[in-house]
1. Of all DSSP beta bridges in the protein assembly as shown, what percent run antiparallel (nearest 5)?
2. Between the stretch A:79-151 and the stretch A:4-21, what's the alpha-carbon centroid distance in Å?
3. Have a look at the DSSP beta bridges in chain B and tell me what percent are antiparallel, nearest 5.
4. Stokes-Einstein diffusion coefficient for the stretch B:15-122 at 10 °C in a medium of 1.306 mPa s, Rh from the Kirkwood formula over Cα pairs: what value in µm²/s?
5. Mind listing the long-range amide H neighbours of A:Arg148? Cut-off is under 5 Å, sequence gap 5 or more, other chains count too, H placed in the peptide plane at 1.01 Å from N.
6. Using only atoms on other chains, find how many Cβ atoms lie within 10 Å of each Cβ of peptide A:50-57 and report the average.
7. For the stretch A:131-142, just list the computed ³J(HN,Hα) in residue order, Karplus coefficients 6.51, -1.76 and 1.60, θ = phi - 60°, integers in Hz, with x standing in for Gly and Pro.
8. Per residue of A:115-121, what is the mean number of Cβ atoms on other protein chains within 10 angstrom of that residue's Cβ?
Amino acid sequence: MDLEKLEAILASQSHEFDVVVRIAKEEDIAVARQMAKKLAQEMGFSLADTTKVATAVSELARNIYRYAQQGRIMLRKKEEGKSGPSMEIIAADQGPGIPDVELVLTKGYTTYERSLGIGLSGVKRLMDSFAIYSAPGRGTVVVAEKRRRRF
Amino acid sequence: MKEAPSNPEQVVPVLQIADFLLVPIQIDLDDKTVGLLQEQLLKEIARTRAKAIILDVRMVEVIDSYISYTLSETAAMARLMGCRTILCGIRPPVALTLAQMGIALGELSIARDLEHALVLAQAP
């Protein structure tokens, strides 16, 4: 059930993650981006994947700031799994929520004036997995994951 | 008579060469900075009446959708002022990320490197 999942993630504790960045001011977007880059580098991600992770986090943090005013970016190393280590990226806010999730994933769709409308659909393309849970009045959670690739 | 304090916040160095401007961007482009950058560039274009402006982004590690939007918007504004905007030095991982997100930066002329950008800037 999506609503249960949403509530569970919104209630998650900071200590369950390697990095938590509270987003409340515009500058926090750049902070989140830097922290994501640092964690990706520590995990041995390639330069290309580090850039993708940093860019995705930048988009997610900006969405929190723009639409919910505040929320959290939470990053976690996941070592288990047959596909090797990966980074889990969660963006969580208790903002207005998204009435139509499919619509916001449409490239070019935006409710903000100064925007390409490409943020969320772009994040989905940059990540290996992507899920969004949202309920009007409750908030929005994006859960994305990027695997570490070996060359 | 004293000039009105017209010193905008300078976020990047702007070098004037003949009738174009060269702008090396060597700072992290957070949202506030990218707004100030746009403001500064438009003022410089108006002041110098440059016919082209070269933005060198070799040092920029992340170009996300908002930075892309603002750069494209700046180029559209510059074009209306008779000035072409040329972007050079996009790092391979940044190019990969932009391409994967579907961001084309169509308002800007893209140069392979600074040398190519200088050729484009001098084109009639």
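None of the figures in this text is laboratory data; all of them are computed from the coordinates on show. Quick caveat: nothing in here was measured; it's all calculated off a predicted structure. Here the Cβ positions follow ideal geometry from the backbone for every residue, glycine too, while neighbour counts run over all protein chains shown.
1. Bridges in the protein assembly as shown are about 70 percent antiparallel.
2. What the calculation gives is 15 Å, centre to centre.
3. 20
4. Translational D for this selection: 116 µm²/s.
5. HN-HN under 5 Å from A:Arg148: A:Ser86, A:Met87.
6. 6
7. Values, residue by residue: 9, 10, 10, 8, 9, x, x, 9, x, 9, 10, 10 Hz.
8. Per residue, the average neighbour count from other chains is 5.
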